[in-house]
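Notes follow once the structure below has been shown.
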Amino acid sequence: MATSVKTTKQDPKSASLDIRTKIQAYPHLKEKIYLQLLLHLHEKRYVSIDDIYAQARKEAESFRYDHDPGSPNIGPEQWSSNERRLIRRLTLKYAHDHLSEEEIDELILAVVKRDYIYALENIANLTDVSFGVLADKVREFCSIPMMKPLPKEEMMGLRVSLLRHFISEHLEYIRIAKHYITVRDLQPVVDNTLGSAAGHGRIGGKAAGMLLGYKIITTTRADQYRELIRIPESYYLRTDVFEDFLTLNSLTKIQHQKYKSTDEIRNEYPAIQEIFRNGQFPDYVVKQCRALLKKLGKHPIIVRSSSLLEDNFKAAFSGKYQSVFLGNQGTLDQRLSSLLAAIGEVFASGLAPDPLIYRKERDLLDYDEKIGILIQKVVGFQYGHYYLPAYAGVALSQNDYTWNPRIREEDGLMRIVMGLGTRAVDRVGDDYPRLVPLSAPTLRPESTLEAQKRYSQTHVDVINLKTNSYEIIPLQELWRAEKMPGVEQIISIEEDDYLQAPYAEIPPENYHQGVITFDNLLKNTPLPNIMRDLLSVLEEAYECPVNIEFSHDGTHLYLLQTRPMARKLEEDAVAIPGNIPPGDIIFSTPRHVRNGRVDNIEYLIYCDPRTYLQLKNDHDRHQLARTVGWLNQKLAGKNFILMGPGRWGSNNIHLGIPVQYHEINNTKALIEIAHRAGDYTPEVSFGTHFFLDLVEKGIHYLPLFPDESDNTFQQDFFNQTPNALSSLLPDATSLESYIKVIDVRPAGKGRLLYMRMNAQQNLAVAYFDSVS
């Protein structure tokens with residue numbers, strides 16, 4: 001045994017008394033603390049347990065029957081009370097001789113902490129324990145002074161129990177989160193949680209994903225990113241508040257909407273929105289929201305959904321529930337009224353057609369879905385009377401848009417915009433975010449000045465503090481005669497038929513000459529490398545592709561959301577036959593092609609972009625969208641593809657048919673057609689909520705440019721083939737000029753249509769062939 005002794009001038013008896021005094025502060029743990037000191041002395045080889053036992057016996061002059069220790073007939077004898085007293089005294093002596101005061105304090109705290117763990121885990125395992133009781137126990141645990149962490153395996157059970165109570169019950173989530181989210185990480189969550197102390201609810205999937213993504217990054221890359229990366233100041237309205245809201249307003253039976261037909265769900269949803277928006281809230285919610293607004297002041301906020309089902313591994317629910325930006329200006333009562341109305345609107349979005357049809361597809365309709373709310377300060381700064389971040393966007397760990405050999409799928413893709421990130425995740429009007437392949441961030445498909453200007457962002461999403469509203473404004477309306485933080489990283493100036501990234505500070509009076517390119521940001525800052533690294537770290541932890549949403553205030557990068565991709569983007573390369581007769585090719589394109597195939601196509605639903613131009617009003621365009629939705633229902637179970645102008649699902653109805661997810665979810669492929677005669681340029685939608693829906697459902701996406709020489713498009717086939725619309729929807733005959741349903745088998749003389757897409761060849765072909 002090692003015999004090194006700690007040097008001390010303190011009287012041994014006095015020192016032992018000091019240790020004993022420390023131990024006596026925890027009378028219920030006295031024996032456990034003595035045992036922990038004894039085991040530590042043994043493990044460090046200062047003195048063995050056997051030696052201490054032998055000394056105690058010798059001093060006690062106890063008689064022990066000398067027997068064969070291997071004899072099965074004679075059992076061991078217990079220590080006497082005198083021996084126990086001597087063992088404790090000897091343990092104190094050796095502890096004083098060999099251990100520092102810090103070591104002793106740490107060993108005592110370890111015993112205390114283990115006792116708290118045991119007690120807290122027992123409480124957390126009670127199914128009916130209230131939030132208030134459990135939250136108080138978490139705070140009590142976190143009040144223990146910081147010390148050397150206990151072995152992770154000793155904490156796992158407690159972490160799992162608390163995660164299940166406060167955060168998520170999904171095992172796929174807990175499997176990962178238990179390695180990163182500690183008990184101390186949960187204290188700020190429970191401190192910022194809104195709801196009844198007697199309630200039982202969770203913070204929901206969106207909040208859970210944000211917290212986990214942040215902890216994975218700051219744990220795995222602590223040295224690099226701890227000061228750079230943050231999450232917004234966040235508050236969590238638990239899912240049980242949703243139940244209390246329904247009960248208070250006698251709306252519990254409204255959950256049965258999910259079992260109604262698609263038409264009933266769609267027709268009744270506007271009334272549900274109005275009822276929820278004007279619903280009453282429990283007094284405790286009103287009181288807590290009022291206190292929260294006092295704390296936040298007049299900083300703009302966003303009210304985001306965070307349902308139990310959101311952002312999980314089997315179904316991402318990308319963009320299915322609503323988020324509401326609030327300027328948060330005016331009197332406290334006005335701000336409170338706006339906040340409660342926004343919460344009601346987000347609650348109502350769980351009963352919208354898209355999430356309910358999405359749930360039905362994934363056999364989640366019978367799940368008792370509850371909506372939590374994530375209330376956050378909007379990331380950004382004030383510029384004039386506008387509030388906005390410098391830039392925001394979405395990033396995917398797998399890049400399905402590999403239009404150049406220098407681009408690697410595994411390095412990811414970033415979709416970035418100036419201002420609020422809604423333009424990055426939604427299909428907006430005639431506007432374009434910057435698509436950034438993280439393999440080669442400065443690479444872009446547009447080479448000419450005109451093309452770069454045409455495919456640049458021209459509008460910015462902001463919060464107008466003067467009108468107290470979320471607005472979309474032209475870029476030129478944003479500029480003020482004052483300096484904007486970080487603008488030189490965002491815009492380039494047109495000089496001599498060339499877009500020049502600025503070398504020096506741009507005077508505000510020259511901002512109007514700028515075009516949003518992000519050239520300096522992508523070339524001269526570490527953001528692309530940081531984003532690629534973050535995505536790699538998250539993908540490794542999640543063990544599947546991921547996507548994140550982010551925002552930047554000019555100083556810090558904020559993680560807004562982390563979600564697993566419910567289905568891997570890439571597929572194996574698909575062989576395209578090399579001997580297809582030209583007359584059998586219906587369309588082909590060498591642009592924006594992913595890997596994929598659709599066999600035995602039975603129907604084509606074709607909306608001619610040129611006749612869409614002739615629709616006289618918005619009502620007719622919306623009616624066309626509803627007709628597409630009815631066909632989508634009618635042909636469910638059939639192999640059909642949708643072909644139409646510009647941007648399916650755009651919020652600008654002049655640029656594409658304004659369908660929603662539940663109106664296209666049964667198609668096998670979605671084709672976007674752009675003729676030169678119209679302004680229906682397809683937006684490469686990779687990274688949007690719209691695109692994530694297509695990927696998750698296995699719907700293939702393809703843009704066509706019929707007037708380009710490298711595309712094939714048999715216009716005569718689409719013009720001359722009979723229209724089967726009236727046979728499927730007799731009430732839709734008035735729209736036969738605008739929408740055509742082609743029954744492929746008679747059109748192909750008994751043959752069906754096949755579509756092959758090969759990303760490596762960057763070629764997609766649809767052709768007739770005999771049924772195999």
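Brief remarks follow.
- Some residue of region 276-291 being at pLDDT 95 or above, closer than 27 Å to residue 182 by Cβ and not hydroxyl-bearing (Ser, Thr, Tyr): yes
The rows are residues; the columns are (1) within 30 Å of residue 659 (Cβ to Cβ); (2) surrounded by 14 or more Cβ atoms within 10 Å (Cβ to Cβ).
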| residue | (1), (2) |
| --- | --- |
| 217 | no, yes |
| 236 | no, yes |
| 242 | yes, yes |
| 267 | yes, no |
| 286 | no, yes |
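- Qualifying residue in region 419-428 (condition: modelled with pLDDT of 90 or more and part of a strand (DSSP E or B)): yes
- Residue, most open to solvent (accessible area, probe 1.4 Å), within region 393-407, restricted to residues that are closer than 15 Å to residue 573 by Cα and not aromatic (Phe, Trp, Tyr): 402
- Flag for residue 203 being assigned to a loop (DSSP other than H, G, I, E, B) and under 24 Å from the mean Cα position of the chain (by Cα): yes
- Looking across region 570-604, the residues that are crowded, with 21+ Cβ neighbours inside 10 Å and at pLDDT below 90 come down to 592, 593, 594, 596.
- The condition of being open to solvent by 40 Å² or more (accessible area, probe 1.4 Å) and in contact (Cβ under 8 Å) with a residue 12 or more places away in the chain holds for only one of 411, 461, 497, that being 497.
- Residues that are at pLDDT below 80, open to solvent by 70 Å² or more (accessible area, probe 1.4 Å) and outside any loop (DSSP other than H, G, I, E, B) are absent from region 31-51 altogether.
- Test set (1) at pLDDT 75 or above; (2) farther than 21 Å from residue 110 by Cβ - residue 22 fails condition number: (2)
- Looking across region 429-458 at every residue that is of a type in the set (Ser, Thr, Tyr) and modelled with pLDDT under 85, the one that is most open to solvent (accessible area, probe 1.4 Å) is identified as 447.
- Among the residues of region 134-182, the one identified as touching a residue at least 60 places away in the same chain (Cβ under 8 Å) and β-branched (Val, Ile, Thr) is 176.
- Single residue of 749, 697, 740 found to be buried (at least 18 other Cβ atoms within 10 Å of the Cβ), in contact with a Phe, Trp or Tyr (Cβ under 9 Å, 6 or more places away or on another chain), at pLDDT 80 or above and not β-branched (Val, Ile, Thr): 740
The values are calculated or read from the model by the stated rules, or taken from the named source; none is laboratory data. Predicted model only: the values in this text are computed from it and were never measured. As a convention, Cβ positions derive from the backbone with ideal geometry for all residues, glycine included, and neighbour counts pool all protein chains shown. Areas reflect the complete protein model, heavy atoms only, side chains present, ligands, DNA and RNA absent. Shrake-Rupley method; radii C 1.70, N 1.55, O 1.52, S 1.80 Å.
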